[in-house]
Amino acid sequence: MAEDMLMVNISNQEPTDLHVSEKKHNKSSSRQKWTAKKTANGKRKASFENQDYGSAKQRKLNTQTDTKNEDQEASKFPSKLKASPKKGQGVHKGHDEPFIKTSSLFRNNPEIPDVFSPAVTQVKEKVFTTNTFQELDLHPHLVATLNKVLNISSMTSVQKQTIPVLMSGKDAVVRSQTGSGKTLAYGIPLIQSLQAVQPKIQRSDGPLAVVIVPTRELAQQSFQIFQKLLKPFTWIVPGVLMGGEKRKAEKARLRKGINVLISTPGRLVDHIKNTLSIAFSAVRWLVLDEADRTLDLGFEKDLTVILNALNAAGSTRQTVLLSATLTEALSRLTSISMNDPVYIQILEPSLSSQSPPSQQADSYAMPDRLQQYMVVVPSKLRLVCLAAFILARCKFERDQKLIVFISSCEAVEFLDTLLSTVLCGKSSTANKQKLSINFLRLHGNMEQEERTEVFQEFSQSKTGVLLCTDVAARGLDLPQVTWIVQFNPPSSAAEYVHRVGRTARIGARGNSLLFLTPSETAYMDVLANHNISLSEMKMEDILSTLMQDERFRGRGNWDKKKSAGAREQDMRERATVLQTEFENYVHGSAESVQAAKKALQSFVRAYTAYPSALKHIFHIRHLHLGHAAKSFGLRDAPQGLSSAVAYSTANKSAKKTAKGKDNNRPTIKLTARERVASLIRSEYTSGISGESKSKKKRTKKKKANAEDELTEG
Ligand SMILES: Nc1ncnc2c1ncn2[C@@H]1O[C@H](COP(=O)(O)OP(=O)(O)OP(=O)(O)O)[C@@H](O)[C@H]1O
């Protein structure tokens, strides 16, 4: 292990010395050198390619002196720093002490494979039409509201095709790309029909329309759109029900009367079971937005309860299913809930006529102006690479707004603290430049009030970084997002589509970056199977941002103009300095070590939850836990963190979630599907704080309700 140490900030070695000793450990480095390369925007950037690291003789010499140099160099330091004797036990006090050693980031990494993006024909949808809303037979006040309140005049393609179908009273299954205006595609005909009801709708009529969405933020967002659309029709009352809000207050609102009811599935079921004042006899519309997600999450049971309640009320209704990724898996749902639906799919005429229907079904249309990238990063370098990417956007470019998807609530919490502290310079007492980046976080374990605040703040801000779980992947319409970063790959191509769909909405430009480790590159084929193709971004190009940030300068005085090797060495030193800052911060207090361990554990647990179809790519045995630990600022993998632990933890959490649903079930062994569902569900938990503490005090009945709430969106 000792030879896996690299002295940083201290060595005056010539670059070649380091290269030679590293070649021994890192096959990939042997084929890399700095070259100037022209990028898409015409700027010249540096990258590694085919570097010759010197003769065999030199190599031998340098490997021999490698460890020796460490000791010699250490002797140049004051005794306090020399006292840092063992790997991972550097001298530091609290979070502020400088720390000079860190295990090498650039050694012992797996080789970065050449990535071939399979040739695919990207499916295209035309977003806008030249047709205006005036052409439809809509109430003039509704058209005026669209024009004046929503600033909208011409229809999108999905609106042009869907609105007339729904106005004719038919059911519809609508698939169209993210950010193409599906909400108004059902919202406009729904309001048009309700405002025409005679005699006029009264609050006491109860719900005439029920809109089901998978997350609370989406429920809020849809509710706000209905509030706007209903401005001229004040007698129709919209309302929202969602987990995390006070049930009693919701019950009172229901009793007063809600005509357009927007809800997450679990919360609606809760009210169906426990609120006598909910009556569905007047329901004419049922909308399942993000319908495939609602089923994915294992909300089938909830949906069955809702459908049964509606059917029992005996009303005839129109049903609409929408999503950017509707698949045939929904056929069972359509057969039980719909009446001869019209299937609406927006494809360019060229593709719809040329491609066989099976290909169309599997191909997801991506926004035209979305630039999709991927980067292959060894585990050890993931944290510094993410940090360098954020710095590049937020420090050296203007008006950048990023969403970073992370696989677990704990990891979101931890990375939020770590990145905001270290990148913004809060961890350092030295006179280092402070930087202001607005980091926000959103996940299912937050209290609802805070979730709402964050959602609103990020919506309104022009810049910033939102670190989040998949709770923000679907349907959210957050303006001006410039980059979607997927730090952990999603569990399906459909989820990939929804995550990247948070940018490049309604014809705007946007970018996305997917992080993969060398063992995960086959994920590109999974995406290609759905006609999704990504360009490769080089890790070194991302890390080269650090060359512009003097806060992370190493001690080496590299003459970058002279040699490509010196530039490479400078960049590596800076990456190591940054990693060292992360590690110092983490190891600066028992609490942060604990938080890092928790985050790592949750990351491993999430890794075990990839569906079996993706296990050949994402398998726990491909994870190097020591390297993964580094990406959480830990110097070593915590003891006892093994795949067995991760598996049993996943099993345990799934059992816990399943418990409230069926108490008699002997949930010892769970299927892979159940494990996935339980982990995904955990992102959608109620977020009520102290849930577990207060649980003990509740009555048996209240306990059951709380369990139900765990499945709430
Ligand atoms: N006809 C239109 N003209 C201009 N903007 C529109 C139009 N229709 C909708 N929009 C705007 O486009 C944005 C995206 O709409 P919406 O959220 O309904 O997309 P979506 O298709 O439901 O996306 P997702 O699949 O991600 O849920 C919203 O800001 C909405 O106000």
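Comparison of A119, A185 shows that the only residue that is within 11 Å of the ligand (Cβ to nearest atom), touching a residue at least 60 places away in the same chain (Cβ under 8 Å) and of a type in the set (G, A, S) is A185. Within segment 122-137, can one find any residue that is in a strand (DSSP E or B) and either open to solvent by 60 Å² or more (accessible area, probe 1.4 Å) or hydrophobic (A, V, I, L, M, F, W, C) (or both)? Checked segment 122-137: at least one residue is in a strand (DSSP E or B) and either open to solvent by 60 Å² or more (accessible area, probe 1.4 Å) or hydrophobic (A, V, I, L, M, F, W, C) (or both).
Checking the stated criteria, L166 turns out not to satisfy the condition of being among the aliphatic types (A, V, I, L, M) and within 13 Å of the ligand (Cβ to nearest atom). Kindly indicate whether any position in segment 256-278 is touching a helix residue (DSSP H, G or I) at 6+ places or on another chain (Cβ under 7 Å) and closer than 20 Å to R175 by Cα. The answer is no, given that none of the residues of segment 256-278 is touching a helix residue (DSSP H, G or I) at 6+ places or on another chain (Cβ under 7 Å) and closer than 20 Å to R175 by Cα. Filtering segment 484-504 to residues that are buried (at least 23 other Cβ atoms within 10 Å of the Cβ) and not in a loop (DSSP other than H, G, I, E, B) leaves I484, V485, Y496, V497, H498, R499, V500. Scanning segment 281-313 for residues that are modelled with pLDDT of 95 or more and aromatic (F, W, Y) turns up just one, W285. Among the residues that make up segment 146-163, is at least one of them closer than 23 Å to L307 by Cα, in contact with a Lys or Arg (Cβ under 6 Å, 6 or more places away or on another chain) and crowded, with 22+ Cβ neighbours inside 10 Å? The answer is no; no qualifying residue exists. Considering segment 290-313, the residues that are farther than 20 Å from T327 by Cα and open to solvent by 60 Å² or more (accessible area, probe 1.4 Å) include one that is farthest from the ligand (Cβ to nearest atom), namely A312.
Candidates in segment 452-479 are the residues that are within 11 Å of the ligand (Cβ to nearest atom) and within 17 Å of Q400 (Cα to Cα); of these, the one that is most open to solvent (accessible area, probe 1.4 Å) is D477. Checking each residue of segment 434-451 against the condition of being closer than 30 Å to L184 by Cα, in a helix (DSSP H, G or I), within 16 Å of the ligand (Cβ to nearest atom) and within 16 Å of the chain's Cα centre (by Cα) gives no match. Screening the candidates V422, V384 for the property of being touching a helix residue (DSSP H, G or I) at 6+ places or on another chain (Cβ under 6 Å), over 26 Å from A522 (Cα atoms) and open to solvent by less than 10 Å² (accessible area, probe 1.4 Å) yields one hit, V422.
For Q177, the criteria (1) open to solvent by less than 10 Å² (accessible area, probe 1.4 Å); (2) more than 8 Å from the ligand (Cβ to nearest atom) hold in every case but one, which is (2). For segment 314-334, filtered to residues that are hydrophobic (A, V, I, L, M, F, W, C) and farther than 23 Å from I201 by Cα, the residue that is most open to solvent (accessible area, probe 1.4 Å) is A329.
The values are calculated or read from the model by the stated rules, or taken from the named source; none is laboratory data. All values derive from a computational prediction rather than experimental measurement. All Cβ positions, even for glycine, are placed from backbone atoms using ideal geometry, and neighbour counts span all protein chains on display. Side chains are part of the model used for accessible areas, which takes the heavy atoms of the whole protein and leaves out ligands, DNA and RNA. Shrake-Rupley method; radii C 1.70, N 1.55, O 1.52, S 1.80 Å.
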